[in-house]
Amino acid sequence: MSNTKKIREKLTLASAALLQATSAGAVEVPDDAWDIGTAILFYNESDGRVSAIEPVISGTREFKDGDIVNLKAVFDSLTGATPTGALAADVVQTFTNPSGNGSYTVAPGETPLDDTFLDTRVALSGSWNTAIFDEYSRLILGGNLSKEFDYSSLGVSANFLRDYNNRNTTFSAALGFSSDTIEPSGEIPTAFANMKKVSTGTNRDSVDDSKTISDVMFGITQVINRNTLMQFNLGFSETSGYLNDPYKIISVLDSNGDLTTALGPDDLPYVYENRPDSRSRQTFYWKTVHHLTEDVINVAYRYHTDDWGIDSHTIDFHYRYELGNGSYLQPHLRYYTQAAADFSVTSLSEAEAAAATSTTYASADYRLSEFVTNTIGLKYAMPVGKSSEFSVRAEMISQVQNDSLYPDLDSFIVQFGYDFYFGK
């Protein structure tokens, strides 16, 4: 069973520098050659939750006419257990698998986790960077394809860049569009329908569903002085279609705060979530890179808001400390805080569940709740010969939930990277 879209978004944030494990300044790439970046990332969550292995390979080549081509392939495998959205209880809880043909139990006091979690993904992407109009304007065209057990995505993008002020100022405007298809195990569940006992039905609406995502971004990059570069981006995103997580459920409680028993003989005390079928997001991003005598400071801030009520702030800090001979250490600190979605709940009462309609929204997904995440990491890189580099990076990620009903989460990342070239 797969439940990976949001988990992969988290992995993407955690491994945003997966193929930046090398330093162009330490690797001498010959003209008209391919710069190959390889890396493998290991990700593990505490309490026996999700584990992932993600190898990546990327190739970039700049041609004599100035065009740049980039190709990238990502393969990942995820296993472990993932929260269902149900609350811990003082009794043994029984849950039905999405297929309706199997079940599993959770001991009293334990957070319900679905330990059948398993998925693999293959993602391919590419881009072409070319000059248009004149030497001060460039166009980057991109495309990507991703396929996993229950989810597929196809996207295209275009980014126009124009230099001004003796190339000290660059304006950019980007467009992106993707079309995704969701084909969950057991098909699409009916919103707010009860989970059924094994072999008594599944309360499903359809085999699959889809969504589309449209993105627009405007940016400016400015050279402040010989040592400082600053960037500002403003982004807008519109998502429409099926936005529920088909594997998330909500506990239904009686007036005493216990799991309800006022249901039919084939019903379990859980209902499937329901989210709005559209989402509008706005983001502001600021980044500054400052070169000291030898070392480099990189600091970034991102603000996100949307019409689901989720506001978030991210502060990201890297400090590259040169060790000499091309080797360096790079500490990393990241702070992220998020407000809960307007429809984030921990449970529903019997009356709320009975009165829910297709225009009622509720989700017990902890990723839509209020929480704070802290990341601390360290990377070491060293040259291997004149035209290759090896690196290793380790990070600890701690997520603290605002609501005590949701457990906190610790995770750990180790990444190994090797960059080299072939060609001339």
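Every number in this text was worked out from the coordinates using simple rules, so none of it is lab data. Just so we're clear, the structure is a prediction, and the values are computed from it rather than from any experiment. With ideal geometry, Cβ positions are generated from the backbone for all residues, glycine too; neighbour counts draw on all protein chains shown.
Summary table
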| read-out | value |
| --- | --- |
| GNM flexibility winner over the chain from ARG204, ARG226, ARG49 (Cα, springs under 10 Å) | ARG226 |
| Within the chain, helix-based [θ] at 222 nm, where runs of 4 or more DSSP H residues each add -39,500 (n - 2.57), nearest 500 | -1000 deg cm²/dmol |
| Hull shadow area, averaged, the range 133-286 [alpha-carbon convex hull, nm²] | 14.0 nm² |
| DSSP-defined beta bridges in the chain - what % are antiparallel, rounded to 5 | 100 percent |
| Point-to-point label distance, ASP277-THR130, nm (Cα→Cβ direction, 7 Å offset) | 4.0 nm |
| Semi-axes of the equivalent ellipsoid for the chain, Cα gyration tensor, largest first, Å | 43, 23, 21 |
| The chain: angle of helix 5-14 to the longest principal axis, Cα-based, in degrees nearest 10 | 40 degrees |
| Low-density loop positions, chymotrypsin sites (Phe, Trp or Tyr not before Pro), the range 130-228 - DSSP coil, at most 11 other Cβ in 10 Å | PHE133 |
| Restraint check, LYS72/LYS147; LYS64/LYS147; LYS64/LYS386, Cα-Cα greater than 26 Å | LYS64/LYS147 |
| Label-point separation, PHE75 to ASP410 (7 Å along Cα→Cβ), nm | 3.3 nm |
| Which of SER347, SER363 has the fewest Cβ neighbours within 10 Å, and the rest in rising order | SER347, SER363 |
| Positive-end residue, the range 204-348 charge dipole about Cα centroid, Cβ charges, pick of THR283, GLY257, VAL271 | THR283 |
| Sites TYR104 and ASN44 - FRET efficiency at Förster radius 22 Å, r taken between beta-carbons, to 0.05 | 0.50 |
